[in-house]
Amino acid sequence: MSVQIDVVIPSFRLEEHYLLPILSLKRPADTEIRFFLVADNPTIVPSPAIQQLVDNKRVFLSINPENLGAARTRNKAMEMGSAEWILFLDDDITVPPNLLEIYADAIHKHPREIGFIGLVNMPPPVKAFSHAIVASGSMDIFRIAKDREGFAWGATANMMISRKAMGEVRFSEIFPKAGGGEDVDFFINIRERNNYADFRSLPEAAVEHPWWNNEAVNFKRPFRYGIGNSRLPERNPRYAYHDFPNTIETIFLALLAGIVAAIVKPSLLPAIGWFIAGAVVIEVIAGAVQSAKRKAKPDVAVYYYLLALRLIQEAGMFWGNISRGRIQGITERFNYNGVARKVQFYRSNTYKLVKWVLYPLLIVLIWRYTSA
């Protein structure tokens, strides 16, 4: 039986050393392959080598008249095709020549699956910032195909879905244009539409993804991800739950208490100031303990970046909620495993346990100091 696959590649840079191998991937027997390359950069000029491959039969190229963002660009690319299966690939990955053969073989063996999660490998980190990203767990989704037999969602860098399973589900445009949260929302909703069936892991379909900007320090990405992630509980309340305030939320609530104290009882202001300072110290200690448990590289710079990454993503989540006037978003979290759960106060980890011990101690110390 013939298999139809639309390969969807959103791109901003149109770098030919990545795209030419993708567009030239070997086509499996009895398989119809079409590539839909959509440039989300109206000023881009495709290289002659890319233009030569564009024939509007097997390879299609569309350049957006304006920057539409990741969600709209992927939606546009999907609508350009009609194949039974859609393969999402990033525009900066290195692919093995037999990638399409691996996916086609998986379709033949498991035609009823809603989709397949490919493996995305990254080079071993060299710089402290990249070591921190690995230790933070924020890129675990890239290797989820190696760790789980199936999962609720995957990275659009290398993932295939069934068009029939997708139905009318599309990437939502309420998320940040540059990306952040829209992939989780998209795949979670496809999964729910198909009786909560997980996407099947396919670790054999492995690609290589480089570090962004040669491992340069970049805090815009985690802040943007935080903003995007703040949208997930609101759009998918069945997976939302409430937890204890994180450090950014704790400081915000303490500052509100400080404003009230300044009006009602100014004598409490020093105690609130000590509490805020203590909250920062506790975050440093809890983060360091958790980093050591995760076997992060024992380096002060790595620990610093781990702390910064966590706080900046929390700040993004906080800003995402506050900027929309969504006060109830404070302490609200999203269960990325795709399991409906309302409260997770009881779900502990090393990071939480350290905080649970140190916060009561901090309060006792402040009480004793201020009442002395």
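The values are calculated or read from the model by the stated rules, or taken from the named source; none is laboratory data. Computed from a predicted structure; not experimentally measured. Cβ atoms come from the backbone with ideal geometry, glycine included; neighbour counts cover every protein chain shown. Ligands, DNA and RNA are stripped out before the accessible areas are found, and what is left, the full protein with its side chains, is counted by its heavy atoms. Shrake-Rupley method; radii C 1.70, N 1.55, O 1.52, S 1.80 Å.
The table for this structure:
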{"item": "Only one of LEU269, LEU306 that is at pLDDT 90 or above and farther than 22 Å from LEU361 by Cβ", "result": "LEU306"}
{"item": "Yes/no for ALA135 being of a type outside the set (S, T, N, Q), open to solvent by less than 10 Å² (accessible area, probe 1.4 Å), touching a helix residue (DSSP H, G or I) at 6+ places or on another chain (Cβ under 8 Å) and within 19 Å of TYR225 (Cα to Cα)", "result": "no"}
{"item": "In region 270-282, residue farthest from the chain's Cα centre (by Cα) [restricted to those that are over 14 Å from THR247 (Cα atoms) and open to solvent by 70 Å² or more (accessible area, probe 1.4 Å)]", "result": "PRO270"}
{"item": "Pick from region 325-371, criterion among the β-branched types (Val, Ile, Thr) and within 25 Å of VAL184 (Cα to Cα), ranking: modelled with the lowest pLDDT", "result": "VAL343"}
{"item": "Candidate set from region 283-334 (those that are of a type in the set (Lys, Arg) and open to solvent by less than 50 Å² (accessible area, probe 1.4 Å)); member that is nearest to ASN349 (Cα to Cα)", "result": "ARG333"}
{"item": "Tabulated pairs, region 349-372, first more than 15 Å from LEU268 (Cβ to Cβ) and in contact (Cβ under 8 Å) with a residue 12 or more places away in the chain, second assigned to a loop (DSSP other than H, G, I, E, B) and open to solvent by 40 Å² or more (accessible area, probe 1.4 Å), C-beta under 8 angstrom, 6+ apart or interchain", "result": "LYS352/PHE244; LYS355/PHE244"}
{"item": "Test: residue in region 120-129 that is touching a Ser or Thr at 6+ places or on another chain (Cβ under 6 Å), surrounded by 20 or more Cβ atoms within 10 Å (Cβ to Cβ), within 25 Å of THR73 (Cα to Cα) and of a type outside the set (Lys, Arg)", "result": "no"}
{"item": "Matching entry among ALA135, ALA104 (being assigned to a helix (DSSP H, G or I) and either at pLDDT below 95 or among the charged types (D, E, K, R) (or both))", "result": "ALA135"}
{"item": "Residues that are open to solvent by 20 Å² or more (accessible area, probe 1.4 Å) and more than 15 Å from the chain's Cα centre (by Cα), drawn from region 219-240", "result": "GLU234, ARG235, PRO237, ARG238"}
{"item": "Failed item, numbered, when ASP92 is tested on (1) touching a strand residue (DSSP E or B) at 6+ places or on another chain (Cβ under 6 Å); (2) assigned to a loop (DSSP other than H, G, I, E, B); (3) under 20 Å from GLU182 (Cα atoms)", "result": "(1)"}
{"item": "Cβ pairs under 6 Å, 6+ apart, first in region 108-124 and under 16 Å from VAL134 (Cβ atoms), second in a loop (DSSP other than H, G, I, E, B) and open to solvent by less than 40 Å² (accessible area, probe 1.4 Å)", "result": "VAL120/ALA155; VAL120/ALA157; VAL120/HIS209; MET122/HIS209"}
{"item": "Residue within region 195-214 that is over 19 Å from PHE12 (Cβ atoms), in a helix (DSSP H, G or I) and over 15 Å from the mean Cα position of the chain (by Cα) present", "result": "no"}
{"item": "Matching residues in region 197-217 - criterion: being open to solvent by 50 Å² or more (accessible area, probe 1.4 Å) and either farther than 21 Å from ASN158 by Cα or without any contact (Cβ under 8 Å) to a residue 24 or more places away in the chain (or both)", "result": "TRP212, ASN213, ASN214, VAL217"}
{"item": "Of residues in region 138-179 being part of a loop (DSSP other than H, G, I, E, B) and of a type in the set (A, V, I, L, M), the one surrounded by the fewest Cβ atoms within 10 Å (Cβ to Cβ)", "result": "ILE174"}
{"item": "Long-range neighbours under 8 Å by Cβ, at least six apart or interchain, first residue farther than 27 Å from TYR369 by Cα within region 278-298, second of a type in the set (Gly, Ala, Ser) and outside any helix (DSSP H, G or I)", "result": "ARG294/GLY137"}
{"item": "Any chance ALA77 is in contact with a strand residue (DSSP E or B) (Cβ under 8 Å, 6 or more places away or on another chain), of a type in the set (A, V, I, L, M, F, W, C), in contact (Cβ under 8 Å) with a residue 24 or more places away in the chain and open to solvent by less than 20 Å² (accessible area, probe 1.4 Å)", "result": "yes"}
